[in-house]
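Read the structure below first, then the notes.
Bear in mind that the values in this text are calculations on the coordinates, not laboratory data. Computed from a predicted structure; not experimentally measured. Positions of Cβ are backbone-derived with ideal geometry, glycine not excepted, and every protein chain shown enters the neighbour counts.
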Amino acid sequence: MSTRTILTALFILLTGLNPPSPSALHQLPEFAGVPSPPLAVEQQDIIIEGADLATQLVIEASVTRFAQAGLALPDLHIRVHPSAEPCRGHMGLYGKGGDKHRIDLCEIHTEVVLHELAHAWEYHSLDDQARSRFLLDVGLKVWKDKDVPHTSRGIERMAYVVAWGLYDQPIQCITLAHYRDDLSLYESVTGLRSPRMAQLVVTEDGGCLSLAGRRPSGAGRTQASVATRIDGDQDEPGSRPLRRSVVF
């Protein structure tokens, strides 16, 4: 039995619906033809220094998010500090000297760790052409310049977009239209679909099916419903993620 057959059977079992055909999905105006992340990429050596068990688990989980999303990180030395001084008064700091990539963390939040890892991924993976294209996408002129306000640097906007695209909270159908710009930017800079969309199926007519949180209904089947359309403008109050200031 092929993998495709197994996946199709699982979809029908979970939703009670026939899945949209690949050809139908590729006809969608948005989120069509964007590759899903591969099963995983092999990460390089990552050394974590100064972390207790809880902190190490947060860091390792964030590194795993990159691997599972198909975003390869370079060799990294991650140092955890009890004060803000090594981070120059900020929550986290990424730096590179020679062939060494390092991250200093002075506050441990998943958002901070993902943001600094995104800086390491960018330096390791993007070229000047990709950086210039991203600047055009977000309407900024400067990639990296300490004399430019933090929010006007392309490198910081990129780190926010990549980190946001790797948060472990799945996007719901009702908020898909609200987040379409961030999702499109994530796809533009990485070339992959955000794993936050892993539990969504976009239908041929532009509808959205969510496989998350299904409750059994009837004879072992689960209820599926169209929550919203991609081209809708339905916002969930207070749902946009907090934009933290993490300095590169």
Provide Glu156, Glu49, Glu60 in ascending order of the number of other Cβ atoms located within 10 Å of each residue's Cβ, fewest first. Glu49, Glu60, Glu156
Applied in sequence order to the stretch 46-57, the curve 6.51 cos²θ - 1.76 cosθ + 1.60 (Karplus, θ = phi - 60°) yields integer Hz couplings, x standing for Gly and Pro, of 10, 9, 10, 10, x, 9, 7, 4, 5, 5, 4, 5
Give the long-range amide H neighbours of Gly92: residues separated by 5 or more places, or on another chain, with amide H under 5 Å away, using H modelled in the peptide plane at 1.01 Å from N. Cys106, Val247
Karplus (6.51, -1.76, 1.60) ³J(HN,Hα), θ = phi - 60°, over the stretch 108-120, in Hz, Gly and Pro reported as x: 9, 9, 4, 4, 5, 5, 4, 4, 5, 5, 5, 4, 5
So how do Leu57, Leu209 line up by other beta-carbon neighbours within 10 Å, fewest first? Leu57, Leu209
Translational diffusion coefficient, Stokes-Einstein: compute it for the stretch 95-182 using the Kirkwood radius over C-alpha pairs as Rh, at 25 °C and 0.890 mPa s, and state it as an integer in µm² s⁻¹. 170 µm²/s
Within 10 Å of each residue's Cβ, count the other Cβ atoms and sort Asp205, Asp75 from fewest upward. Asp205, Asp75
Under the Karplus relation 6.51 cos²θ - 1.76 cosθ + 1.60, θ = phi - 60°, what is the ordered set of whole-Hz ³J(HN,Hα) values for the stretch 88-103, x standing for Gly and Pro? 6, x, 10, 6, x, 8, 9, x, 9, x, x, 9, 9, 9, 9, 10
